[in-house]
Amino acid sequence: MTIAALEGFEKPRLKALLEHFSAIEDPREPWRVAHPLQEVLLLVVCGTICDCDDYDLIADWSAAHLDFLRRYLPYHHGVPGGRWLTMLMNRIDPGLFSAAFTSWVREAWPDKPDFVAIDGKTSRRSHDRSAGKAPLHLVSAFATTARLVLGQEAVSDKSNETTAIPLLVERLAANDGRKGTLVSIDAIATNAAIATTIRDAG
């Protein structure tokens, strides 16, 4: 996917994203910061929307579309590389990031999606064999008609999707967020606990 994926966004939507991300504290010492956290979070989200599935690709995308990013923030020092992005994003609380992103989605797209597909996917090149670290596996809730990822939950491997799905559904269902939505799901997740969670969410 190209920059066209973002050109249709109204400027206030991406500005609102920055407001939601302001709740995330920068874990670095201020005097060492060349790339402010809001700049990093914006490029990560934009790169992800444009189908970049690892930090090296996000860094490459950001460098190629720096003029676009500078419509929203200054990026005085350009954009960081993939390795640097990986190290910083690993220090960000994923729960807080997810909550900020989800609240932005609800504000920017207030209409409730009528159909949500829940599925798991392993992220390419997210493993570290030298450290014995397995690749990142994410369970995502995708609003198919709106073509929008509503939320994600990380798990250690595909076999653990069944433990992540109820957590994801409950988070999305807060304040009747998904009430009346039809949910599709893989056969691996067809069990009583997950069905009960989905029904309890309305």
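With a Förster radius of 22 Å, plug the Cβ-Cβ distance of residue 190 and residue 145 into 1/(1 + (r/R0)^6) and report the FRET value to the nearest 0.05.
Values: r = 23 Å, r/R0 = 1.05.
That gives a FRET efficiency of 0.45.
FRET efficiency for the pair residue 31 and residue 170, taken as 1/(1 + (r/R0)^6) with r the Cβ-Cβ distance and R0 = 41 Å, rounds to 0.50.
Apolar share of the accessible surface for the stretch 13-102: 53 percent from carbon plus sulfur atoms, 1.4 Å probe. Each peptide in 181-190, 50-59 was scored by the mean count of other Cβ atoms within 10 Å over its residues; highest first, the order is 50-59, 181-190. With both labels modelled 7 Å from their Cα along Cα-to-Cβ, the residue 87 to residue 66 distance reads 2.0 nm.
The values are calculated or read from the model by the stated rules, or taken from the named source; none is laboratory data. Everything quoted here is computed from the prediction, not taken from an experiment. No Cβ is skipped: glycine too gets one built from the backbone with ideal geometry, and neighbour counts run over all protein chains shown. Surface areas here come from the heavy atoms of the whole protein model, side chains and all, with no ligands, DNA or RNA. Shrake-Rupley method; radii C 1.70, N 1.55, O 1.52, S 1.80 Å.
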